[in-house]
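> The structure follows.
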Amino acid sequence: MTTGAPPPSRNAPRSRLRTFLPLALVAWLILEVWLLALVAEATSGFIVFLLLLAGVVAGSALIKRAGRRALRKFQETVAQQQQGITPETDRSGGNAFLLIAGLLFILPGLVSDVLGLVLLLPPVRTALARRAERSLERRMAAAGPGTFGGAFQQARMRAPDGKVVQGEVVRDDEPPRPDGRDDDPRPPLTP
C-alpha cells in the first residue's frame, strides 16, 4: 500500500508463486526427510544427529558473524557520514545472504545445508544481489510517480475491503472565553 498503487482487485488471477509455493514446500520437506532417512540407513541415527547439530552450530556462528559485520559496517557508515564522506555502497549482497545461509544451515535437512553452502560463495551472493536490485528497481518504476506522503495518505483513505472512504475534517473551534471558564459539563478527573 505504500507504493501508491491501487490494491489488487478481488477477481485478479492468482499468481503462480501463490499457487505453487505450498506444493514446493511440501515437496522440499518430503525430500529432506527422505534424504535424512537414507543417510541414517547408510550410517546411523547418531551420525544424522551429529550432522543436524553441526548445522545448527555452523548456522548460529554464521548468523552471529553476519550480525557483527552488519554492526561494524553501520558504524563505519555513520562515522563516514559524520566526517562528510559519502559512504560507498556494497553490491556484494552484504549480510542479508549470509544471514539467509545461516538460517538454511539451522533448518534440519541436507538440501537446506547445500543451499546454505551455495549462498556462502561470493559470486552467487553478488549475482543474487544484482538480480534483487533490478527486480526492486522494476517494481518501483512500475509503481508510478508519487511521494511517500501521498502513498501514505492513499493507504489511510482505503477501507480494509479496498473501497475508498471519502471524508472531510470539519473543525468547529470556538475562541476561548475571556474569563477562562470552560462550559464542559464533565468535572475534571482527580487522582
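None of the figures in this text is laboratory data; all of them are computed from the coordinates on show. All figures in this text were calculated on a predicted structure; none of them were measured in a lab. Every residue, glycine among them, receives a Cβ derived from its backbone with ideal geometry; neighbour counts consider all protein chains shown.
> Once you place label points 7 Å from the Cα toward the Cβ at A61 and F20, how far apart are they in nm?
With each label point 7 Å from Cα toward Cβ, the separation is 3.7 nm.
> Sorted by mean Cβ packing within 10 Å, highest first, what order do the peptides 67-79, 117-129 take? Mind dumping the intermediate values first?
Values: 67-79: 12.2, 117-129: 14.7.
Ranking, from highest mean packing down: 117-129, 67-79.
> OK, next. In Å and from the alpha-carbon atoms only, list the Rg and Dmax of the range 52-129.
Gyration radius and largest Cα-Cα distance of the range 52-129: 14.6, 48 Å.
> Here's a follow-up. Along Cα→Cβ, 7 Å out, is where each label goes; now give me the distance between the ones at V124 and A79 in nm to one decimal.
3.3
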